[in-house]
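Inspection log for the structure reproduced underneath, given as structure tokens.
The values are calculated or read from the model by the stated rules, or taken from the named source; none is laboratory data. In this text, all values refer to a predicted model and were calculated from it rather than measured experimentally. Every residue, glycine as well, gets a Cβ built from its backbone with ideal geometry; the counts of neighbours run over all protein chains shown.
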Amino acid sequence: MARVYPPIEPYASGLVPRPDGAQIYWESSGDPVGIPALYLHGGPGGGLGAGGYRRRFDPARYRIVGVDQRGCGHSIPNVLDDLDGLDDNTTPALIADLEAVRVELGVERWVLHGVSWGSTLALAYALAHPDRVSAVVNAAVTTTSRAEVEWITETVGALFPEEWEPFAAAHRPGERVVEAYARLLRDPDAAVRAQAAAAWDRWEGVHVSLDPLHAPGPLHPADTRLQQTFATLVTHYWAHDGFLDEPILDRAGELAGIPSVLIHGRHDVSGPAITAWRLHRAWPGSRLHIVESEGHGGPEMMELVARATDEFADSAEASRVG
């Protein structure tokens, strides 16, 4: 099995201005003339973090691009500083942002690697621009369907009733739990927003608590700004079913011809393997790996990502020779 690669730092970074005034942060590492690859982070709102994603690509063969999706990370403005602009933060806007980055960097086609929400965004981008995608490697597979959102915010509460009951108490009659938190996180009162973000962050820690690699406690205990950024963007997207006019699973057949590897943990209680299985069944030519010992991410899953990116690099190099 391929191992992940040693840590590296970006050799370039920048901001791409968008027509609405947003500026999208990108960074590149590895070989400047290598095979282009795009990493799509989770959340929404998780950001690129410490850059561990770079270790899943051979830096001698890949030009590795990471992007902070609009509203988070180093992209400008942060959602917390522009709540009035939140309605413009949608999946079509993110896809347009990625296209702007691609054009700015002079990339013709790239390998997509998404994790969690990033896997949804990779799929949405590939459906919108299949001619710009050479392969897809997705881990902790999601499609952000209504059923997946209902599971993670409501149904899975059957496993954690003592945690879910106070978490769900925020919703009004006839209101979905995720809609309640999306509303509270746009409240004019900063204290209301902070309290809602803390409650959401606690629930995020609860529903992954059966993951063998999970550390108990809130998801972002030491960074309240990241906590609020993450909660605001997650609830905004989930309350709108990912801003996907047609469910991804209903369109997965359109992805035929794009090489793909899907990697999912058996113990992923937050996103059961049925989503990865259904996507695999609907996507001709896709390959699915279920990792029996892990949940919503883990070292074996990341090694499988590195193996897949190595294989796609081998294929690309063989095509050039041929």
Here the residues within the stretch 74-85 that are in contact with a strand residue (DSSP E or B) (Cβ under 6 Å, 6 or more places away or on another chain) and in a loop (DSSP other than H, G, I, E, B) are 74, 75
Determine if the stretch 53-68 includes at least one residue that is over 20 Å from residue 138 (Cα atoms) and crowded, with 19+ Cβ neighbours inside 10 Å. no
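Each row is one residue, and each column tells you yes or no for (1) out of contact with any strand residue (DSSP E or B) (no Cβ under 8 Å at 6 or more places or on another chain); (2) among the acidic types (Asp, Glu); (3) within 17 Å of residue 204 (Cβ to Cβ).
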position	(1), (2), (3)
139	no, no, no
142	yes, no, yes
162	yes, yes, yes
180	yes, no, yes
Filter result for residue 261 (modelled with pLDDT of 95 or more, within 18 Å of residue 38 (Cα to Cα) and touching a strand residue (DSSP E or B) at 6+ places or on another chain (Cβ under 8 Å)): yes
Looking only at the stretch 112-131, count how many residues are over 16 Å from residue 92 (Cα atoms) and either surrounded by fewer than 24 Cβ atoms within 10 Å (Cβ to Cβ) or not assigned by TED's automatic domain parsing to the domain that holds residue 70 (or both). 1
Enumeration of residues in the stretch 195-211 that are touching a strand residue (DSSP E or B) at 6+ places or on another chain (Cβ under 8 Å) and not β-branched (Val, Ile, Thr): 210, 211
The lone condition residue 223 fails out of (1) surrounded by 14 or more Cβ atoms within 10 Å (Cβ to Cβ); (2) closer than 20 Å to residue 83 by Cβ is (1)
Evaluate the following for residue 211: is it of a type in the set (Asp, Glu), surrounded by fewer than 16 Cβ atoms within 10 Å (Cβ to Cβ), outside the structural domain of residue 294 (by TED's automatic domain parsing) and under 21 Å from the mean Cα position of the chain (by Cα)? no
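Residues checked against (1) under 30 Å from residue 313 (Cα atoms); (2) of a type in the set (Gly, Ala, Ser); (3) in contact (Cβ under 8 Å) with a residue 24 or more places away in the chain:
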site: 116; (1), (2), (3): yes, yes, yes
site: 146; (1), (2), (3): no, no, yes
site: 156; (1), (2), (3): no, no, yes
site: 165; (1), (2), (3): no, no, no
site: 169; (1), (2), (3): no, yes, no
site: 193; (1), (2), (3): no, no, yes
site: 199; (1), (2), (3): no, yes, yes
site: 211; (1), (2), (3): no, no, yes
site: 214; (1), (2), (3): no, no, yes
Within the stretch 183-214, which residues are at pLDDT 95 or above, farther than 14 Å from residue 170 by Cβ and in a helix (DSSP H, G or I)? 190, 191
Quick check: anything in the stretch 233-244 within 20 Å of residue 48 (Cβ to Cβ), of a type in the set (A, V, I, L, M, F, W, C), buried (at least 22 other Cβ atoms within 10 Å of the Cβ) and assigned by TED's automatic domain parsing to the domain that holds residue 154? yes
Being touching a residue at least 40 places away in the same chain (Cβ under 8 Å), within 24 Å of residue 310 (Cα to Cα) and not basic (Lys, Arg) narrows 53, 11 down to just 53
